[in-house]
1. Restricting the first residue to region B:260-275 and requiring it to be more than 10 Å from every other protein chain (Cβ to nearest Cβ), which pairs with a second residue that is in a loop (DSSP other than H, G, I, E, B) and open to solvent by less than 40 Å² (accessible area, probe 1.4 Å) meet a Cβ separation below 7 Å and a spacing of at least six or different chains?
2. Write out, first by first residue and then by second, each pair whose Cβ atoms fall under 9 Å of each other, whose residues are 6+ apart or on separate chains, and whose first residue, in region B:328-342, is in contact (Cβ under 8 Å) with a residue 60 or more places away in the chain and not assigned by TED's automatic domain parsing to the domain that holds B:GLU167 while the second is crowded, with 20+ Cβ neighbours inside 10 Å and not basic (Lys, Arg).
3. Among B:GLY65, B:GLY56, which is the only one that is modelled with pLDDT under 95, assigned to a loop (DSSP other than H, G, I, E, B) and open to solvent by less than 20 Å² (accessible area, probe 1.4 Å)?
4. Of the residues that make up region A:206-213, is at least one of a type in the set (A, V, I, L, M, F, W, C) and outside any loop (DSSP other than H, G, I, E, B)?
5. With respect to B:GLY244, is the statement that it is part of a helix (DSSP H, G or I) and either more than 10 Å from chain A (Cβ to nearest Cβ) or within 22 Å of A:GLY126 (Cβ to Cβ) (or both) true?
6. Restricting attention to region B:15-48, which residues are open to solvent by less than 20 Å² (accessible area, probe 1.4 Å) and either in a loop (DSSP other than H, G, I, E, B) or free of Cβ contacts under 8 Å to residues at least 24 places away in the same chain (or both)?
7. Here is a check on your reading of the model: is B:LEU323 in contact with a helix residue (DSSP H, G or I) (Cβ under 9 Å, 6 or more places away or on another chain) and not assigned by TED's automatic domain parsing to the domain that holds B:GLU385?
8. Test of understanding: among B:ASP229, B:ASP269, B:ASP257, which residue is under 26 Å from A:ILE46 (Cβ atoms) and charged (D, E, K, R)?
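The values are calculated or read from the model by the stated rules, or taken from the named source; none is laboratory data. Quantities reported herein were computed from a predicted structural model and do not represent experimental measurements. Because the Cβ atoms are built from the backbone with ideal geometry, glycine has one as well, and the counts that use them run over all protein chains shown. Note: areas computed on protein heavy atoms with side chains; ligands, DNA, RNA excluded. Shrake-Rupley method; radii C 1.70, N 1.55, O 1.52, S 1.80 Å.
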Amino acid sequence: MGYDPKNPMEGRITDLGPRSYTEMLPPVIAANKGKWDYHEILAPGILLHVSETGAECYTVRVGSPRLVSIEYVRELCDIADKHCEGYLRFTTRNNVEFMVDSKDKCDALVEELKGRETKLPIGGTGASVTNIVHTQGWVHCHTPATDASGPVKAVMDDLFEYFGSMTLPAQVRIALACCLNMCGAVHASDIAILGVHRKPPMIDHSRITGVCELPLAIASCPLGAVKPAKAEVNGEEIKTVKVNADRCMFCGNCYTMCPAMPLADPEGDGIAILVGGKVSNAKSAPKFSKLVIPFLPNNAPRWPETVEAVRKIVEVYAKDANKYERLGEWAERIGWEKFFEKCEIPFTDKSIDDYRLAYDTWRTSTQFKYTNATDAYTK
Amino acid sequence: MAKHDTPLLDELENGPWPSFVTDMKRQAETHPECWDILGQLELSFKDRITHWKHGGIVGVFGYGGGIVGRYSDKPEKFPGVEHFHTVRIAQPSGLYYSTKNLRALMDLWDKYGSGMTNMHGSTGDMILLGTRTENLEPLFWDLTHDLEQDLGGSGSNLRTPSCCLGESRCEWSCYDAQDVCYHLTMHYQDEIHRPAFPYKFKFKFSGCPNDCVASIARSDFALIGTWKDDIQMDQAAVKEYIAGNYPANGGAHAGRDWGPFDIKKEVLDLCPTNCMWMEGDELKIDNSECTRCMHCINVMPRALKPGKEKGATVCIGAKAPILDGAQFATMVIPFIEVSKDNEYENLIDVIEQVWDWWMEVGKNRERVGETMQRIGLPTFLKVMEVDAMPQHVKEPRSNPYVFWKEEEVEGGWERDVEEFRKKHAA
């Protein structure tokens, strides 16, 4: 018996929830849960956890593109069946982790991963650039201002040396969100790659009556730029909306609420770079990422401007920051004016906040450092 | 479905990072609709714009979430992705899988879907990417009957809760994040599947202040492990670190020569409260000054551990920028016990206190953090029945505009202006 479309409610089961995590744990994990004593990173991508009982868990971390096929997942299962007693896990940053309970098994596992035709790069631990958390982009989303998997692939290709090594002052967390909705929550990342729109929505008067609730569309605008209006469609006057383009901040919230207000555009859309965010409470409090490059074009398939900008920031940070210093901690220590100078990023008024709570970020003291920006002014 | 030329996407088969294009081409051999995914994506790369239509409400009977509708705006050209709905599968806590379960899920998707997935979505669900409307009910039937598992959340409901891996493989976890996550996910199945909230609501559970699941940045209700008593110290292990016998930070910096370990430079001087010092070769901590940031523990995991009196801090109201700007979660309850023994009843009480208030006063599409901003933290603390304390703020307010309540002012607000005028001529 299976689903019967004639009796859709017959035999229906609901609200089962996920399978219990207790069924999913590798034996060494299940046996030592709550008893772990310490851990060590033996090599990039290879972790050792030691239990109070003396038991050891070796973990091998592998980068994945997140957008993966069932054939790929089955291949991961083949590896886990062969080496890991039929268990594996994923990390919150889209890496895959294989766990075994001895050094010998770990060596065999690493050999296997390196020998596969499918690329299974080992790394993403410690002071590295680990996998990029990202969204759907043009592969699946209806509101993106850029692609996700494409730029991620291009950036990770370029930063690949940093995935498989631990040479940076601290971990560098990169995230990509393909529009301002930020499904990828890039707002607290060391480096955020963010899809942005720059053209106000168009109004599709011929469709708006059928697909939008006008009061919701009007209320959706945080700046009150969407107003009621009238238009003529096929000789008939209809109720619609208009947009005060001067007040638009291109957030796209109106399009989310009203499909007759599309704003995506090949020239208008692109990428902004924000830096210096962190989630962890270690040393300094969690920080938001700050906008340092307001716009880079969507140059598919390899987004060279974005790749170059990210590499430049990573390299200057790697050279200049102290051990343990996260990117945002470094930028705050040297001062943001020095960050722009060192990274050779031209500062523009787009980086000065003029939205809500903006004043909190304005400098209200005479304490600043002289940089190329002040030189340019005093000249 | 025919193969399309994809000169732009083919460029993404080069380079050392694994290529989703190569993977998708392999999958297309048995799932030809993958050719149409590639074809439409190639067109987007050429046109530099998405080719997915706006929205589309689809789902399974009785649920208001778990499926996200998606349609191509070029169905005649790419019939394989005419319907391309997403199915969210609630993930097991900590993202561990048996290959038995993972293979069963892949077989299910082989039968009903495009062959492509996301491992995992941003909120934590397993994402099955791309199927047709008519497949949804049969897929749900097999998922519930054969695999005995369920969809995750979408829309204005409780989103699928997620957690770090907690005690399962981490020595720092101050509570069993996986178990709390699983228990509350099961407890709130109705809230996950049937939208009744002003907007989405997310739970995230992190075992310690390192917050590997980004709960403080991403969840409306963040439970972050912490402790009340002293950091546990092993002085012998401290000496091993100083002698260079144990790698600092668990070996996280091993790829570069940073010189020998310097406890003053790497631990004492980086402590945000300067509450650590050396007395001879003994490490001392003034625990009353400690803010439990984790740095010293991160650097010397074999010498230092969180205290024994463990629990969690509750932070409420994080969200991404849409619309008023990004918010971190605000610290509301400094310490709460987290125990399996009472089936997390005290956490459930706190959660429902938030929901009861937010469901009443929250506006449509207003995250709880925005409601807190609009109504104010003092009022929210009253709702939560938590007395205001200095820990609730970074600093006291600098403006004097206090919203005094009438009952707080001697004699109340009712006054007689005629009586006033008898003493004070206008």
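1. If the second residue must be in a loop (DSSP other than H, G, I, E, B) and open to solvent by less than 40 Å² (accessible area, probe 1.4 Å), the pairs left are B:THR273/B:CYS290; B:CYS275/B:CYS290.
2. Nothing qualifies.
3. On the way: B:GLY56 fails: open to solvent by less than 20 Å² (accessible area, probe 1.4 Å).
When all the criteria are applied, what remains is B:GLY65.
4. The answer is yes, given that some residue of region A:206-213 is of a type in the set (A, V, I, L, M, F, W, C) and outside any loop (DSSP other than H, G, I, E, B).
5. Numbers: part of a helix (DSSP H, G or I): no; either more than 10 Å from chain A (Cβ to nearest Cβ) or within 22 Å of A:GLY126 (Cβ to Cβ) (or both): yes.
No.
6. Result: B:TRP17, B:PRO18, B:SER19, B:PHE20, B:VAL21, B:ASP23, B:HIS31, B:SER44.
7. Working: in contact with a helix residue (DSSP H, G or I) (Cβ under 9 Å, 6 or more places away or on another chain): yes; not assigned by TED's automatic domain parsing to the domain that holds B:GLU385: no.
Judged against the criteria, B:LEU323 is not a match.
8. Every option except B:ASP257 fails the conditions.
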